[in-house]
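Right, one structure below, let's go through it.
The values are calculated or read from the model by the stated rules, or taken from the named source; none is laboratory data. Here the structure is a predicted model, which means the values were calculated and not measured. Positions of Cβ are generated from backbone atoms using ideal geometry, with glycine treated the same way; all protein chains shown enter the neighbour counts. To get the accessible areas, we keep the full protein, side chains included, count just its heavy atoms, and leave off ligands, DNA and RNA. Shrake-Rupley method; radii C 1.70, N 1.55, O 1.52, S 1.80 Å.
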Number of protein chains: 2
Amino acid sequence: MNTRRLFIKKAGGSVALATMNPALMLANPAQSSSRTGEDLFKLGIAGYSFVNFKLDQALDMMKKTDVHYLCIKDFHLPYNSTAEQISQFHETLKKADVTGYGVGPIYMKTNQEIDNAFDYARRVGVKLIVGVPNPEVLPYVEKKVKEYDMRYAIHIHGPDIKLWPNASSVIDAIKSLDPRMGLCFDMGHDTRFGDDATADLEKYAKRIFDIHLKNVTAASKEGKTCELSRGVIDIPAFVNMLRKVKYDGVCSLEYEKDMKDPLAGIAESIGYFKGVCDASRQGRRKA
Amino acid sequence: MNTRRLFIKKAGGSVALATMNPALMLANPAQSSSRTGEDLFKLGIAGYSFVNFKLDQALDMMKKTDVHYLCIKDFHLPYNSTAEQISQFHETLKKADVTGYGVGPIYMKTNQEIDNAFDYARRVGVKLIVGVPNPEVLPYVEKKVKEYDMRYAIHIHGPDIKLWPNASSVIDAIKSLDPRMGLCFDMGHDTRFGDDATADLEKYAKRIFDIHLKNVTAASKEGKTCELSRGVIDIPAFVNMLRKVKYDGVCSLEYEKDMKDPLAGIAESIGYFKGVCDASRQGRRKA
């Protein structure tokens, strides 16, 4: 009961209280102990990693790699799902000891699409939307953020598309808006744009609500997602910064290599992240 | 040519010079740059991890996990292999960018079995035999070690069998014998016997010629192999000790969980080891 009260207090709005899914609330990352030792941040997987797999297959891979947080993509839970389908979805996740902590990325070009997305998130029972809004609809997004008391994290996509290529492009657009407007920090795309992901994590920490954990083969448009252990980003430095800025969200591996047979790469990446966390935590203790 | 000369000098014996496979010599771990950053030790896989797989399948898993050293088991290269079959085997490994750096474990109860094993190692072209000798044949093993100028690493097996349960049982038996007699340090079995694997690594470093890298679920007979990231052994502390004692052999993952479908567990373990190495190396630089 205490944990529920705590969460309601944290959520801070009556809309949240009225519409949260109680089953989900108990499993919310804000309440459960961290799965990464003493760290505030959690390790998860971004649903897009499983674009070629059904939910059961995705959860089987999460079980094999011992990961417990999932950012929900619509191909696993369609936008038009009924209350019963949503409830069934959460039941399936619960059996796999997985918490769906947010939804998205969702592209939003119109007010109607924004309405739909916030209504979907409310029905799913999460407080975090990862979105890709057209710049002109940002004022309407802010209105909805206030109304629903949700956090809205804009996903960045590197040099591939002009819309939100890097962290600073998002920060510039939302810095004067509601503090619940922020960033889904795709550290791979930020790097591919030519920016320093670890420096940006420090600079924009207050507005970073979600992280797409990944590594890339080059700090340029040509860079491709690779195993976390094999890219140009210094992951130990990034993890040290996660701790320095006290990031308490999820680091969700978005694995976009070998997407039809991703298990080995996901497992190696998850292992690498855990190894970095364990070794650098020990280093801190000694220091 | 310099590298070949260096190796021959290191090997130190004329038998070695006469019988080494030149193709293998070039790919010998003693000569190639470390695959684990600046560290002296190399990361490999113990052949037994692939007991349910043919060589091609094993090499495919090594390719997927980017591992380049293999301790050769007889089910991949039978003891009675012809020179042509051995040559073919090395060719196959070379194509996969893998070096077979040793053979075994091989059980040896009689002088005849010892003769066979040393002859096999010579024909395969390696300088390291991982063996499980009956205690009474140790003097004959020592004789062969001198004759062939090979290193002989006795494998330990924890509380499961009485023969060589832990590191100290081997050290007690070989400490007054030739310095090329030593230990294949199975850190999992040593832990399952109730000993401190990291302390033993420090204590017996000079006699440790090979390591079976693994973690276990408990420091007792009930403990089973698990992903390197999930067991009771403090892997970051172990890696720090590898560096402190300047271990320059191979750490070969012996993965004995899910042996019919081991890829995810192998990948997670390899990733974890690399993560620990990278993060603690960075920690050392800062210190």
When chain B is reduced to its Cα atoms, the Kirkwood hydrodynamic radius in Å
19.0
Pop a pseudo-label 7 angstrom from the Cα along the beta-carbon direction at both A:Ser220 and A:Lys95 and give the gap in nm to one decimal.
4.9
Skipping prolines and chain starts, which residues have an amide H placed within reach, meaning under 5 Å, of the one on A:Gly100, given they are 5 or more residues away or on another chain?
A:Leu70
How big is the B/A interface in buried accessible area, both sides summed, 1.4 Å probe, to the nearest 100 Å²?
1800
Of A:Lys54/B:Lys42; B:Lys95/B:Lys127; B:Lys221/B:Lys260, which sit over 29 Å apart, Cα to Cα?
A:Lys54/B:Lys42
Can you compute the charge dipole magnitude of the stretch B:4-286 about its Cα centre, using +1 on each Lys and Arg Cβ and -1 on each Asp and Glu Cβ, nothing else charged? Give it in debye, rounded to the nearest 20.
960
What does the accessible area per residue of the protein assembly as shown come to in Å², with a 1.4 Å probe and no ligands, DNA or RNA counted?
42
What are the distances, in nm and sorted shortest first, from the label point of B:Ser176 to the label points of the same position in each other copy, with each label point placed 7 Å from Cα along the Cα-to-Cβ direction?
8.7
How large are Rg and Dmax for the protein assembly as shown when calculated on the C-alpha trace, in angstrom?
26.9, 85
Taking Cα pairs closer than 8 Å and at least 6 residues apart, the relative contact order of chain A in percent is 17
Any idea of A:His155's accessible area? Nearest 10 Å², probe 1.4 Å.
10
Any idea how far apart B:Val232 and B:Asp258 come out in nm if each label point goes 7 Å out from Cα toward Cβ?
2.3
Roughly how big is the stretch B:122-188's charge dipole about its Cα centre, with Cβ charges of +1 (Lys, Arg) and -1 (Asp, Glu), in debye to the nearest 20?
320
Find every distance from the label point of A:Ser87 to the corresponding label point in the other copies (7 Å from Cα along Cα→Cβ) and write them in nm, one decimal, shortest first.
7.3
Please work out the Cα convex hull volume for the stretch B:189-287 and give it in Å³ per residue.
95
Accessible surface of the protein assembly as shown, 1.4 Å probe, proportion on carbon and sulfur as whole %:
52
Reduction of at least 50 Å² in accessible surface, 1.4 Å probe, comparing all protein chains with the chain by itself, residues of the stretch B:64-84
B:Lys64
Take B:Ala199 and A:Glu147, extend 7 Å from each Cα along the Cα→Cβ direction, and tell me the distance between the two endpoints in nm.
6.6
Collect residues whose amide H, placed 1.01 Å from N in the peptide plane, falls under 5 Å from the amide H of A:Ile154; neighbours closer than 5 in sequence don't count.
A:Gly131, A:Gly182, A:Leu183, A:Cys184
Other copies of B:Gln112: label-to-label distances in nm, shortest first, labels 7 Å along the beta-carbon direction:
8.7
As a test, work out the antiparallel percent of DSSP beta bridges whose residues both lie in the protein assembly as shown, rounded to the nearest 5.
5
For q values of 0.14, 0.15, 0.32 Å⁻¹, compute log₁₀ I(q)/I(0) with the Debye formula on a Cα-only model of the stretch A:127-178, without solvent.
-0.34, -0.39, -1.40
Could you tell me which helices of chain A pass both thresholds, a Cα extent of 30 Å or more along their own axis and a mean Kyte-Doolittle hydropathy of at least -1.0, with helices taken as whole DSSP H runs?
A:263-286
Where both residues lie in the stretch A:4-286, what percent of DSSP beta bridges are antiparallel, nearest 5?
5
Among A:Asn215, A:Pro135, A:His68, which residue has its Cα positioned farthest towards the positive end of the charge dipole of chain A, with +1 placed on the Cβ of Lys and Arg, -1 on the Cβ of Asp and Glu, and the dipole taken about the Cα centre?
A:His68
Inside 10 Å of the C-beta atoms of A:258-270, what's the mean count of C-beta atoms belonging to other chains?
5
